[in-house]
1. State whether the residues of the range 29-47 include one that is assigned to a loop (DSSP other than H, G, I, E, B) and at pLDDT 95 or above.
2. Can you run down the residue pairs with Cβ atoms below 9 Å, 6 or more apart or on separate chains, where the first is in the range 202-213 and in the same structural domain as Gly105 (by TED's automatic domain parsing) and within 12 Å of Pro147 (Cβ to Cβ) and the partner is within 13 Å of the ligand (Cβ to nearest atom) and small (Gly, Ala, Ser)?
3. Scan the range 13-26 for residues that are surrounded by 15 or more Cβ atoms within 10 Å (Cβ to Cβ) and either touching a Cys at 6+ places or on another chain (Cβ under 8 Å) or outside any loop (DSSP other than H, G, I, E, B) (or both) and jot them down.
4. Taking the range 48-86 on its own, how many of its residues are modelled with pLDDT of 90 or more and not in a strand (DSSP E or B)?
5. Out of Glu253, Glu260, Glu272, I need the residue that is of a type in the set (Asp, Glu), over 16 Å from Asp174 (Cα atoms) and out of contact with any Phe, Trp or Tyr (no Cβ under 8 Å at 6 or more places or on another chain). Which one?
6. Can you list the strands (runs of 3 or more DSSP E) found entirely within the range 150-262 that contain at least 1 residues being more than 14 Å from the ligand (Cβ to nearest atom) and among the small types (Gly, Ala, Ser)?
7. Which condition breaks for Leu83 when tested against (1) outside the structural domain of Val111 (by TED's automatic domain parsing); (2) touching a helix residue (DSSP H, G or I) at 6+ places or on another chain (Cβ under 8 Å)?
8. Can you name every residue in the range 38-73 that is buried (at least 19 other Cβ atoms within 10 Å of the Cβ), within 30 Å of Thr137 (Cα to Cα) and more than 29 Å from the chain's Cα centre (by Cα)?
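The values are calculated or read from the model by the stated rules, or taken from the named source; none is laboratory data. Since we're looking at a predicted model, the values are computed, not measured. Cβ sites come from the backbone with ideal geometry, for glycine too, and all protein chains shown count toward neighbours.
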Amino acid sequence: MSNKQQLLSFLMNAEEPISGEHLSEQLGVSRTMIWKYIKSLKEDGHEVEAIKKKGYVLKQLSSQLSVETVSPYLETTHFARALYYLESCPSTQFVANELLVKGKGMHGLVVVSEEQTAGKGRLNRQWVSSKGKGLWTTWIVKPDLLPHEAPPITLVVALALAKAIHSTTGIQVDIKWPNDLLIDGKKVGGILTELQATPDKIEAILLGIGINVLQAEEELNQDLTKRATSLAIECDTPVDRTKLLAAMANELEQAITTFETQGFRRFQVEWERHSTMIGKKVTATTVRETIQGIALGLNEHGALLVQTGDGVRTLFSGDVTL
Ligand code: BTN
């Protein structure tokens with residue numbers, strides 16, 4: 001943690017004003033340096049008040065996502081320890097890819113943009129990413145996995161995100177195979193997994209995660225064929241994007257580490273518990289065909305098993321509706 005991050009962390013945890021003298025002793029830097037860090041924190045949008053003869057108080061954290069604001073909530077070694085923040089970009093997937101090309105895409109780095117002008121969904125769909133309303137993120141993951149072991153990672157990530165949302169907001173999130181996060185049947189988030197690999201080795205996985213956080217009803221549901229929602233619509237209390245991003249990092253690192261060592265089998269039962277489609281009649285569309293049947297559950301590779309009139313079908317990808 002840098003001195004500035006540490007200073008912010010002290011201010012965030014303090015119950016009363018902290019004097020410049022105390023801060024300079026704690027950080028082992030001069031009072032002038034403390035003053036410079038405070039000035040820089042203010043420039044980042046944090047509201048820091050200097051109370052005469054008492055010291056500094058943090059009145060309001062900046063709403064801008066940064067390593068400084070997120071790190072006090074992190075329990076990770078790698079995830080979100082590096083955070084690349086942008087006001088706007090075409091897609092965080094492109095930015096993460098550029099970082100990888102330049103050799104700067106370390107494991108756990110997250111790219112966050114307030115807005116995406118060409119956000120990508122699965123199957124070449126557009127992902128609407130309006131300014132300041134969501135968490136539009138791409139996480140660079142370099143897992144200890146072989147290429148053929150990677151596909152269920154999307155399901156593991158979906159489960160981790162459902163937990164992160166639940167711990168931050170109290171909202172129960174359902175998972176729709178393979179990559180949708182739903183609240184009462186309405187989409188609140190999605191995952192776009194892009195694998196960069198040779199036949200023998202995974203170079204990186206770009207985990208694109210979009211979560212609708214602050215949109216109002218009328219912003220989302222102009223297209224009545226797609227039912228969407230945001231955390232703000234579903235939650236009575238204000239949703240803190242900083243805490244949610246940190247919770248995502250914590251859950252993602254833990255889940256992906258477990259997946260590396262224990263495989264998808266370890267998540268199978270928990271995943272099925274979070275899914276509303278098991279035991280129900282579904283229509284599944286793959287690149288080849290559309291089938292109908294009862295969703296039985298997942299196999300140990302994360303493939304969806306569907307009981308049709310012709311027997312049990314195993315689906316590795318596709319779109320499923322109830
Ligand atoms: C889907 O449900 O189709 C997946 C949506 C994934 C959207 C996220 S937002 C951040 C990242 N950048 C993108 O362009 N897409 C993903």
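1. yes
2. Qualifying pairs under 9 Å: Ala204/Ala96.
3. Ile18, Gly20, His22, Leu23, Ser24, listed by residue number.
4. Adding up the residues that qualify gives 14.
5. After ruling out the rest, the residue left standing is Glu260.
6. Because the criterion is at least 1 residues that are more than 14 Å from the ligand (Cβ to nearest atom) and among the small types (Gly, Ala, Ser), the strands (runs of 3 or more DSSP E) in the range 150-262 that meet it are 186-197, 202-212.
7. Leu83 satisfies every listed condition except (1).
8. Ile38
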